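Step one of this worksheet: look at the structure below.
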Amino acid sequence: MKTKFIFITGGVLSSLGKGLAAASIGALLEARGLSVTLQKLDPYINVDPGTMNPFQHGEVFVTDDGAETDLDLGHYERYTRAKLGQRHNYTSGRIYNSVISKERRGEYLGGTVQVIPHVTDEIKQAVTQLDGEADIAIIEIGGTIGDIEGLPFIEAIRQLRGDLGKENSLYIHVTYVPYIKTAGELKTKPTQHSVKELRSVGIHPDILLCRTEMELPQGLKSKIGLFCDVKEDRVITARDVDCIYEVPLRFHQEGLDERIVESLNIWTRAPILTPWEDLVARIGQPQHAVRIAMVGKYVNLRESYKSLNEALFHGGVANSSRVEIDYINSEEVRGDALAERLAQADGILVPGGFGSRGIPGKLEAITYARENRIPFLGICLGMQLAVIEFARNVAGLPLADSTEFSSNTPDPVIYLMKEWYDYRTDTVQVRDETTQKGGTMRLGAYPCRIEEDSVAYRAYGASEIFERHRHRYEFNNSYREPLGEVGLSFTGLSPDGELVEIVEIKNHPWFLGCQFHPEFKSRPLEPHPLFRAFIQAALNYRASNNDGG
Ligand code: GLN
């Protein structure tokens, strides 16, 4: 098999939704019966996004193989069946790192190491390693055309057209056509400039995806086509939509998938889009509504909980329900103010996080959920805090804590486990306070065995699951007995029984903490079982509240 490559660049400004465009193209090609894979090339110098502040860069998405990646990989996995990992996200930093290591090892035999060809070759290798993985590989270049850091990537994909040939490569440029109110007109000049910039570095776009607030009239499409030297029928309107899952359908209406297969000279069936059509129809007509309080740190920036927001939305879709999220900043909202907000909620969620900021507020929210029997979902840090809350307020260990926040607590219910067996690498891992940051996390998909009589089992309907992790701290097994005796159940364990993956409170209608991040595996067409069940529980809670007053 020989893979054909689609390269997606962006112009005019950032945040045009290139990632969603790439993902939607993937969905359309899959709907035509083709297999796809996707890759993101990010121009920044960080070696991976793992250590980047979610405030600046949005969520760190985690793949099955434990790669900490750009959040666009989340879009790719949500829209397609592609299985992504380390190979599917490269930063400039990672590319340079590898070139410099080769230089240090003497692999360039004393030659002068340069951007062209050494860096560009390294990039080309990163891209072409996907050959054979799928019928089509969609490669998205981060940033905007004209960025200094992006140039080596642009040069590499320019060279690739020569290497791959015209029928095996396609350039799609995502640009912006603003509507200027005072003139009452859509303006094409920014697009013209952006394409000029792209052509000045040797890339002639085959297709233009024009982000705009309104439909581009035919006359405007032909004007853009003429000025940018792109066929008129390849100037595609990418109009703002109410719901991101409409994008594949809109692109199809514009003929985008047809133009792509035609350019790449592939014969396929017409796309089967009924699953997407049904999804969009269901989203448009919710029968119910629930309100979920999300108590966390990065609540001001929605991008930092991207997958979580999507997973809650999917859980809503699965229950024909709209999900309203009340984002509560646990550093600012405490005490009565917090209780008042939580009283409005049908479900409470404490997401993952690092560091001690905002912890007391999150603990208060968990107490509220436990005592008032409101459905509760705690994810990663959220599960660890649920354990701490239970230890302090139910098991009578007032100083219980995680060693992440208190290194000398007498009751370290959450701690760094010194030694544990790692299924992913089949090795015994050693962790302590001195091991380097970043290198010691449990990352990627791990198996978990679920006890049959549990909330988790009823949600999954399966006794073995694989879920993705990203954390250092673990439940301390010395506390299984004392916490178990007063009502905490350990319903999900690693196959060797050593790592606690799921906890539940026995006499609570729906209280579940998981050490993993289920949100990374939820898809609109396959909502995640835990989110489906959590929203269902929230709906039940709401209904019983309305009945009983
Ligand atoms: N800070 C916690 C740990 O490292 C939880 C991490 C998370 O929520 N992703 O274990």
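In the range 229-251, of all residues being part of a helix (DSSP H, G or I) and of a type in the set (Asp, Glu), the one that is nearest to the chain's Cα centre (by Cα) corresponds to GLU246. Between LEU226, LEU209, LEU216, which is in a helix (DSSP H, G or I) and at negative phi? The conditions single out LEU226.
Given ASP70, ASP64, which one is under 18 Å from ALA445 (Cβ atoms) and among the acidic types (Asp, Glu)? Don't jump to the end; show me each part of the working.
Values: ASP70 fails: under 18 Å from ALA445 (Cβ atoms).
None of the others qualify; the one that does is ASP64.
When we screen TYR179, TYR171, TYR108 for residues that are among the aromatic types (Phe, Trp, Tyr) and crowded, with 16+ Cβ neighbours inside 10 Å, the only hit is TYR171. Of all residues being more than 12 Å from ILE502 (Cβ to Cβ) and of a type in the set (D, E, K, R) in the range 459-489, which is farthest from the ligand (Cβ to nearest atom)? Just the residue, please. The residue in question is GLU485. Looking at ASP147, ASP121, ASP163, just one residue is within 28 Å of LEU73 (Cα to Cα), assigned to a loop (DSSP other than H, G, I, E, B) and of a type in the set (D, E, K, R), and that residue is ASP147.
When the range 278-310 is examined, which residues are found to be of a type in the set (D, E, K, R), at pLDDT 95 or above and surrounded by 20 or more Cβ atoms within 10 Å (Cβ to Cβ)? GLU310, the sole residue that qualifies.
Number of residues in the range 409-433 that are touching a strand residue (DSSP E or B) at 6+ places or on another chain (Cβ under 9 Å), more than 16 Å from the ligand (Cβ to nearest atom), farther than 29 Å from HIS508 by Cα and in a loop (DSSP other than H, G, I, E, B): the value is 2.
Looking across GLY132, GLY202, one residue alone is exposed (fewer than 15 other Cβ atoms within 10 Å of the Cβ), farther than 27 Å from LEU84 by Cα and in contact (Cβ under 8 Å) with a residue 40 or more places away in the chain. It is GLY202.
Restricting the range 377-395 to residues that are touching a residue at least 40 places away in the same chain (Cβ under 8 Å) and either over 27 Å from the mean Cα position of the chain (by Cα) or away from the ligand (no atom under 16 Å from the Cβ) (or both) leaves a set whose member that is surrounded by the fewest Cβ atoms within 10 Å (Cβ to Cβ) is VAL394. If I filter the range 356-364 for residues that are modelled with pLDDT under 95, surrounded by fewer than 19 Cβ atoms within 10 Å (Cβ to Cβ) and under 21 Å from ARG431 (Cβ atoms), do I get at least one hit? Yes - at least one qualifying residue is present in the range 356-364. For the range 313-356, the set of residues classified as touching a residue at least 60 places away in the same chain (Cβ under 8 Å) and within 16 Å of the ligand (Cβ to nearest atom) consists of LEU349, GLY352, listed by residue number. Considering only residues in the range 263-277 that are loosely packed, with under 11 Cβ neighbours inside 10 Å and touching a residue at least 40 places away in the same chain (Cβ under 8 Å), the one that is nearest to THR3 (Cα to Cα) turns out to be ASN265. Within the range 14-38, track down each residue that is touching a Leu at 6+ places or on another chain (Cβ under 6 Å) and either part of a strand (DSSP E or B) or surrounded by fewer than 19 Cβ atoms within 10 Å (Cβ to Cβ) (or both). Passing the criteria: VAL36, THR37.
So in the range 481-530, with the set limited to residues that are assigned to a loop (DSSP other than H, G, I, E, B) and of a type in the set (Phe, Trp, Tyr), which one is surrounded by the fewest Cβ atoms within 10 Å (Cβ to Cβ)?
Step one: filter the range 481-530 for residues assigned to a loop (DSSP other than H, G, I, E, B), giving 486-487, 494-499, 506-510, 515-517, 522, 524-525, 527-528.
Next cut, of a type in the set (Phe, Trp, Tyr) only: 510, 516.
On the way: TRP510: 23, PHE516: 27.
Top of the filtered list is TRP510.
Listed conditions (1) in contact with a strand residue (DSSP E or B) (Cβ under 6 Å, 6 or more places away or on another chain); (2) part of a helix (DSSP H, G or I); (3) not small (Gly, Ala, Ser) are all met by ILE172, apart from (2).
Condition test on HIS508, is it over 28 Å from the mean Cα position of the chain (by Cα), touching a residue at least 40 places away in the same chain (Cβ under 8 Å) and at negative phi? Taking the combined requirement at face value, the residue satisfies it.
The values are calculated or read from the model by the stated rules, or taken from the named source; none is laboratory data. This is a predicted model, so every value here is computed, not measured. Note: ideal-geometry Cβ built from the backbone for every residue, glycine included; neighbour counts use all protein chains shown.
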